[in-house]
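Here the structure comes first, spelled out in structure tokens, and everything after it is commentary.
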Amino acid sequence: MTDPKDKPARRIPLCVPEIRGNEWTYVKECLDTGWVSSVGSYVDRFESGMARCSGTARAVATVNGTSALHVALLVAGVGPEDEVLVSTLTFIAPANAIRYAGAWPVFIDAEPDYWQMDPAKVKDFLERGCTWSDGCLRNKATGRRVRAIIPVHILGHPVDMDPILELARKFGLVVIEDATESLGARYKDRRVGHLGDAACFSFNGNKLLTTGGGGMIVTDNGAWADKAKYLTTQAKDDPLEYVHNERGFNYRLTNLLAAMGCAQLEKVEEFIEAKRAVAGRYRQALAGVPGIRLMAQAPWAASVFWLYTVLVDAKEYGMDSRQLQRRLAAAGIETRPLWQPLHKSPAHRGAFATDCEVADRLHRDGLSLPCSVGLTADDQARVTETIRGRTAP
Ligand SMILES: Cc1ncc(COP(=O)(O)O)c(C=O)c1O
């Protein structure tokens, strides 16, 4: 007989989907009726639901968040050899999308308080690093035309948007929010996803809402939405004679996945509440642990705490973020460091960047903790006890 004490502890995953609503009913209806492909009532319903949720006039569903960003850039008029300012501390997708459009990213550092794109560094780059020539704003260092800004609202918290929107107006730049990680968050009572000219969402497996894979462009600009729908459906001008006046993309979300999205969307408020409750419990249990700095929320923000993250001060805590990650892994607890900042990414070697020392520090010290919507208080206590148990060197 094995001693129950020897049983391996149940694994606590970082962030898994919560599928306990109408997903089965809606997906079964697609299967039963044969409406499984990219046309169907669930695609339309999911689009109008997401437009309602973000407060925009229109929404266009896509196969994933990266394709949403790609098409949003194209409809906004970003083209080859343009430059687009983007957060350096983010998942790589927005920078890749910029390159798919033939343009170049300009990586902007994070600010130290809430870890979002730093408006002061955007201002410094636009005012001191750029010049007007041939009627356009150009990066002095590369000579390329600066066309757009993609602020990425990372980890559930909004970017400080007002100074960025003001700069965009002053310099004639388009603003496309990458709102993927902050669905439901608010900036000064305005909804993330309805702050710039357009916004993009992803519904991959670890997002607040998931369709397995999926994305959405939301905007008030009807012409952009029409163009986005056209480009995501292979730019069909005459669907009977197969006439295509442009090279489009097969980027449309399927009805099957949109059905899942509709069911997930019904629970969005519940999911946000659960994320905030997880964040509240971490705040309580980890407050005052020497060397552990908790995620902050700006006075002007309502974060959804999509991925609860702490910073580990190696000297004060007695081990660094990667050592803590290994200690938690040994206890069956999955965590994840923050992304390699994109100015350091070999995939984007050669792109222009501001000084990005804050993002480098956040990358070194950051560790995202388990925060699934369904995380139980007991499992969360296991995470915090494991962290609290190791405060001495
Ligand atoms: C900030 C951000 N943008 C874009 C994406 C890309 O979305 P997808 O995986 O659906 O292409 C992700 C995550 O996947 C993300 O975290």
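The values are calculated or read from the model by the stated rules, or taken from the named source; none is laboratory data. Quantities reported herein were computed from a predicted structural model and do not represent experimental measurements. Don't worry about glycine lacking a Cβ; one is built from the backbone with ideal geometry, like all the others, and counts go over all protein chains shown.
If I ask for residues that are among the hydrophobic types (A, V, I, L, M, F, W, C) and either in contact with a Lys or Arg (Cβ under 9 Å, 6 or more places away or on another chain) or more than 14 Å from the ligand (Cβ to nearest atom) (or both), which ones from the stretch 203-235 would you list? Result: 208, 209, 217, 218, 223, 224, 225, 228, 231, 235. Checking each residue in the stretch 284-337 for being over 30 Å from residue 189 (Cβ atoms) and polar (S, T, N, Q) picks out 321, 323, 325, 335.
In summary, residue 59 fulfils each of the numbered conditions (1) within 14 Å of the ligand (Cβ to nearest atom); (2) part of a strand (DSSP E or B); (3) within 24 Å of residue 260 (Cβ to Cβ) with the single exception of condition (1). Scanning the stretch 107-147 for residues that are among the aliphatic types (A, V, I, L, M) and over 18 Å from the mean Cα position of the chain (by Cα) gives 120, 122, 126, 137, 141, 146. Out of the residues in the stretch 86-125 meeting the condition of being within 12 Å of the ligand (Cβ to nearest atom), part of a helix (DSSP H, G or I) and of a type in the set (Gly, Ala, Ser), tell me which one is farthest from residue 67 (Cα to Cα). Across the stretch 86-125, the extreme among qualifying residues is 95. Residues in the stretch 20-56 that are in a loop (DSSP other than H, G, I, E, B) and among the hydroxyl-bearing types (Ser, Thr, Tyr) were compared, and the one that is modelled with the lowest pLDDT is 38.
Here is a yes/no grid of residues against (1) in contact with a Lys or Arg (Cβ under 8 Å, 6 or more places away or on another chain); (2) of a type in the set (A, V, I, L, M); (3) at pLDDT 95 or above:
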{"residue": "85", "(1), (2), (3)": "no, yes, yes"}
{"residue": "91", "(1), (2), (3)": "no, no, yes"}
{"residue": "100", "(1), (2), (3)": "no, no, yes"}
{"residue": "116", "(1), (2), (3)": "no, no, yes"}
{"residue": "158", "(1), (2), (3)": "yes, no, yes"}
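Of the residues 21, 49, 40, 55, the single one that is at positive phi and under 26 Å from the mean Cα position of the chain (by Cα) is 55. Of all the numbered requirements in (1) surrounded by fewer than 20 Cβ atoms within 10 Å (Cβ to Cβ); (2) within 15 Å of residue 320 (Cβ to Cβ); (3) acidic (Asp, Glu); (4) in contact with a strand residue (DSSP E or B) (Cβ under 9 Å, 6 or more places away or on another chain), residue 334 misses one, and that requirement is (2).
Taking the stretch 253-318 and the helices (runs of 4 or more DSSP H) fully enclosed by it, the elements with 1 or more residues that are under 19 Å from the mean Cα position of the chain (by Cα) and modelled with pLDDT of 95 or more are at 255-265, 268-286. Set side by side, the residues 199, 179, 148, 168 differ, and just one is within 16 Å of the ligand (Cβ to nearest atom) and over 30 Å from residue 13 (Cα atoms), which is 148. For the stretch 216-252, the candidate set comprises residues that are closer than 19 Å to residue 94 by Cβ and hydrophobic (A, V, I, L, M, F, W, C); within that set, the residue that is surrounded by the most Cβ atoms within 10 Å (Cβ to Cβ) is 216. Cβ separations smaller than 6 Å between residues 6+ apart or across chains give the following pairs from the stretch 62-81 residues that are over 21 Å from residue 39 (Cα atoms) and more than 9 Å from the ligand (Cβ to nearest atom) to residues that are hydrophobic (A, V, I, L, M, F, W, C) and in a loop (DSSP other than H, G, I, E, B): 73/101; 74/101; 78/101; 78/103. Listed by position, the strands (runs of 3 or more DSSP E) contained in the stretch 137-235 that have at least 3 residues being more than 30 Å from residue 375 (Cβ to Cβ) are 145-150, 174-178. Scanning the stretch 320-334 for residues that are outside any helix (DSSP H, G or I) and either within 24 Å of residue 95 (Cα to Cα) or out of contact with any helix residue (DSSP H, G or I) (no Cβ under 7 Å at 6 or more places or on another chain) (or both) yields 332, 334.
Within the stretch 236-252, the residues that satisfy the criterion of being in a loop (DSSP other than H, G, I, E, B) and within 16 Å of the ligand (Cβ to nearest atom) are 249, 251. One residue is enough: does the stretch 146-162 have a residue meeting the conditions surrounded by fewer than 17 Cβ atoms within 10 Å (Cβ to Cβ) and not aliphatic (A, V, I, L, M)? Yes.
Within the stretch 121-138, track down each residue that is more than 18 Å from residue 94 (Cβ to Cβ) and in contact (Cβ under 8 Å) with a residue 12 or more places away in the chain. The answer is 123, 124, 126, 129, 130, 137. If you go through the stretch 62-77 and keep only what is in a helix (DSSP H, G or I) and under 28 Å from residue 269 (Cβ atoms), you end up with 65, 66, 67, 68, 69, 72.
Return the only residue of 257, 231 being in contact (Cβ under 8 Å) with a residue 24 or more places away in the chain, closer than 26 Å to residue 19 by Cβ and in contact with a Gly (Cβ under 6 Å, 6 or more places away or on another chain). It is 257.
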